[in-house]
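Chemist: Dropping a structure here in structure tokens format, bear with me for questions.
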């Protein structure tokens, strides 16, 4: 029987080996899911260094609590839930600090972006501008709205799944999503193509 | 219209990648994660904690035993027939002298030896005055004067 390389192992196999304490399985899980965690964390904290910290914290928490993970749930949603809650908790503590100083973290991020984006704006392609605008628009949302929007628009989750991930009621998710959508549409209107037939 | 908005936002999210992370940075993140590997660190920490607790516990118990031997009172325990401590005897000398001569008949109660209860004088407002005399296991005399209805302790160790 041929030995299966770790990189080709199925997710549930890797998790099983990780639960048994195999460091190679840990590494493989980290390499598979780090980008997803980073992307989600970045959308919420809007800061590269913080997002990397959240990736680290998420995997630490996941590996420490691996014995609690049961095979009947999917690994990635379980990991994503840890990441999002870690990111939200971080934004809460950061927001508190900035609120004390009389500023909101989102506004601060947006100001930084608009200030740094102007000199290079002409050289950038449309996609980069859109990406920056999205970042700025997300900065004007609350952390929870950012989380809901990211899970909905980027990760493709539906309302009940988002509610389960964030530990919110479906009605609350609906409200957050509607506000986030309205705000993002307003901020990104300039980039949106004209509707057909108009 | 709403469908187009949704599609546009979904595409925007998916096409706007966050800043790239270099392999070296991922390696640094991984090394931090691996450093907190619970399978390698936690049991050791748990063992160290247990050992520290055990060492503290046994040191405490040992020190207590050693101290109890070291600081044993130099004065010998009062022999049967000795009087109560001076303060006690001064305070109650105007009433009646304690009669501890019959300590051999006393009983052991709650860790005290030779427990005896005597009546001191007539009742006042329905209450009699009693004196309880006893010795601790290490021979220190205990005298307790109190008011009460009737003595309830008997030499059989039960209640009357």
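The values are calculated or read from the model by the stated rules, or taken from the named source; none is laboratory data. Computed from a predicted model, the values in this text were never measured in an experiment. Glycine also receives a Cβ, built like all others from the backbone with ideal geometry; neighbour counts cover every protein chain displayed.
Chemist: So which helices (runs of 4 or more DSSP H) stay within segment B:6-115 end to end and still have 1 or more residues that are away from every other protein chain (no Cβ under 14 Å), at pLDDT below 85 and surrounded by 10 or more Cβ atoms within 10 Å (Cβ to Cβ)?
Modeler: Ranges flagged: B:38-70, B:86-92.
Chemist: Same structure, new question: Return the residues of segment A:48-83 that are more than 10 Å from chain B (Cβ to nearest Cβ) and part of a loop (DSSP other than H, G, I, E, B); say none if nothing qualifies.
Modeler: Residues satisfying the conditions are A:69, A:70, A:71, A:72, A:73, A:74.
Chemist: A further question follows. Of all the residues that make up segment A:38-75, how many are closer than 20 Å to residue B:18 by Cβ and surrounded by 16 or more Cβ atoms within 10 Å (Cβ to Cβ)?
Modeler: Matching residues across segment A:38-75 total 21.
Chemist: Looking at segment A:163-172, which of the residues that are buried (at least 17 other Cβ atoms within 10 Å of the Cβ) and under 16 Å from the mean Cα position of the chain (by Cα) is modelled with the highest pLDDT?
Modeler: Residue satisfying both the conditions and the ranking: A:163.
Chemist: Give me the residue from segment A:7-33 that is at the interface with chain B (Cβ under 9 Å from one of its Cβ atoms) and surrounded by 21 or more Cβ atoms within 10 Å (Cβ to Cβ) and, out of that set, farthest from the chain's Cα centre (by Cα).
Modeler: Ranking the candidates gives A:26 first.
Chemist: Of all residues in segment A:135-162 being surrounded by fewer than 19 Cβ atoms within 10 Å (Cβ to Cβ) and within 15 Å of residue A:81 (Cα to Cα), which is farthest from the other protein chains (Cβ to nearest Cβ)?
Modeler: Looking at residues that are surrounded by fewer than 19 Cβ atoms within 10 Å (Cβ to Cβ) and within 15 Å of residue A:81 (Cα to Cα), I get A:160.
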